[in-house]
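Here the structure is laid out as structure tokens; the discussion comes afterwards.
The values are calculated or read from the model by the stated rules, or taken from the named source; none is laboratory data. Just so it is clear, the model here is predicted, and its values are computed rather than measured. Positions of Cβ are backbone-derived with ideal geometry, glycine not excepted, and every protein chain shown enters the neighbour counts.
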Amino acid sequence: MLRITRGEDSKLTSWYFEIDRKLLTIILLLVGVGAIMMITAGAAQAAHMRPPQPWFYFIVKAIPAYLVGLSGLFIFSMLNKQQIIKLSVVGALVGIIGLLVTVVHPVMMKGSARWAHIGGFGFMPADVLKPSFIILTAWFLDKMRKTFGENIFLNKQAWRFKWLSWWPYVILFGVCVLIIFRHPDIGTASLYVAVLFAMLLVAGFPLKWLPGVGVLVCVMAMAALSKSHVRERAMDMFTVKPFTQVWYSLNSIRHGGLLGSGEEAYVKDVLPESTNDFIYSAIAEDWGALVACGLVVVLFVLFNMLINHAIHAKDRFVVYAVSGTAALFAGQICFNLMTALHLIINKGMTLPFISYGGISFISFCVLFGMVLALIREDMWNK
């Protein structure tokens, strides 16, 4: 039987004993739940495709993403801070180039031009950009603090236009979010803004500027409502139209009851996106409200672990990176669950580590691999 002992001197041994294995275990548990749903909900969804597909259709399609994502999770968790920053720059370039491709060569899919096609390969730049956005924003905030002191928001020097100042970051971030907003992908654009605001709060954002943030939110809301499909979805919040995605989602949750329907589950058979945007509804129908609520508890435990690591981190860069990851993770969960429960308009966002979705899954694996590495380095390096 293979056993790893602390006395062994190797990179693998150091990684095994220094990594946060509890955090890693919860991530793998969530991936396992998603894999099970690729089989159960995926089999029903595949049978109703045109033409019908075999029961293993979705799990087979998900295998490449699982292999790449999990490999990325482990490989990135073994890197150091400098390697992570350098790779984040590469990821940011890929994501930004992808966003520019969606502008000059838009490809409409499901009413949105958020997909970029380069060399026959299609991907969502907004998802690719997420890990780099968190890491490079954390690096930027830390660098600003070291250069301009603790008060990086009110220091006049920090607002002078030079390569390390607020203006280059604000302009680049604003352009990227505007492109995502115009796809249109209002949910993802809102998520980026919310995560940035959370990271700025951690960095000491002045509370007297909150009214300005409120004005920005109102402007974004008015811009979103200027789009006809957003107005229609907003009006749908006051009722549930029969045979719509939300109608099927709510009925799927109700049919699950307390303990689940098991083999008698049938609503998820016709539930659109039962392996993706509405996977939580399929889980509730299969396993019941108790398991569905238990899953929320597990997601909260992971979020709470990230917050604890951010609070106790010694390196301010790690504080920002882990806080941003926690905000992104919690924000995307809220968007997904609230959509399934008809608490917000349908935003079409995946449930991290569980929903089917190649690039989204890989991006979260890469981001959490980076965070595991940063936490490990911060805890064990002097």
Take the conditions acidic (Asp, Glu), more than 30 Å from residue 152 (Cβ to Cβ) and in contact (Cβ under 8 Å) with a residue 40 or more places away in the chain and apply them to residue 286. Does it pass?
yes
Filtered residues of the range 145-164 (kept if touching a residue at least 24 places away in the same chain (Cβ under 8 Å) and either in a helix (DSSP H, G or I) or among the hydroxyl-bearing types (Ser, Thr, Tyr) (or both)):
145
Can you work out which of the residues in the range 94-114 that are part of a helix (DSSP H, G or I) and among the hydrophobic types (A, V, I, L, M, F, W, C) is surrounded by the fewest Cβ atoms within 10 Å (Cβ to Cβ)?
104
Take the residues of the range 350-382 that are in a helix (DSSP H, G or I) and of a type in the set (S, T, N, Q): which is modelled with the highest pLDDT?
363
So, in the range 133-154, of the ones that are crowded, with 16+ Cβ neighbours inside 10 Å and farther than 24 Å from residue 370 by Cβ, which residue ends up nearest to the chain's Cα centre (by Cα)?
153
Quick one: what pairs do we get from the range 67-91, first residue in contact (Cβ under 8 Å) with a residue 12 or more places away in the chain and loosely packed, with under 14 Cβ neighbours inside 10 Å, second acidic (Asp, Glu) and in a helix (DSSP H, G or I), C-beta under 8 Å, 6+ apart or different chains?
80/377
Tell me, which helices (runs of 4 or more DSSP H) lie completely within the range 186-292 with 1 or more residues that are modelled with pLDDT under 85 and basic (Lys, Arg)?
228-236
If you check every pair at least six apart or on different chains, which have Cβ atoms under 8 Å apart with a residue in the range 195-217 that is over 15 Å from residue 325 (Cβ atoms) and touching a residue at least 40 places away in the same chain (Cβ under 8 Å) first and a residue that is polar (S, T, N, Q) and surrounded by fewer than 18 Cβ atoms within 10 Å (Cβ to Cβ) second?
204/151
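Residue-wise test of (1) closer than 13 Å to residue 371 by Cα; (2) surrounded by 19 or more Cβ atoms within 10 Å (Cβ to Cβ); (3) touching a His at 6+ places or on another chain (Cβ under 7 Å).
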| residue | (1), (2), (3) |
| --- | --- |
| 254 | no, no, no |
| 274 | no, yes, no |
| 284 | no, yes, no |
| 289 | no, no, no |
| 297 | no, no, no |
| 307 | yes, no, no |
| 320 | yes, yes, no |
Residue 327 versus (1) within 17 Å of the chain's Cα centre (by Cα); (2) in a loop (DSSP other than H, G, I, E, B); (3) among the small types (Gly, Ala, Ser): which is the lone unmet condition?
(2)
May I ask you to verify whether residue 318 is without any contact (Cβ under 8 Å) to a residue 40 or more places away in the chain and either more than 18 Å from the chain's Cα centre (by Cα) or at positive phi (or both)?
no
From 94, 68, grab the single residue that is of a type outside the set (Asp, Glu) and farther than 22 Å from residue 29 by Cβ.
94
Among residues belonging to the range 38-58 that are in contact (Cβ under 8 Å) with a residue 24 or more places away in the chain and crowded, with 17+ Cβ neighbours inside 10 Å, point out the one that is farthest from residue 261 (Cα to Cα).
58
Can you tell me which residues in the range 338-349 are modelled with pLDDT of 85 or more, surrounded by fewer than 21 Cβ atoms within 10 Å (Cβ to Cβ) and over 18 Å from residue 198 (Cβ atoms)?
341
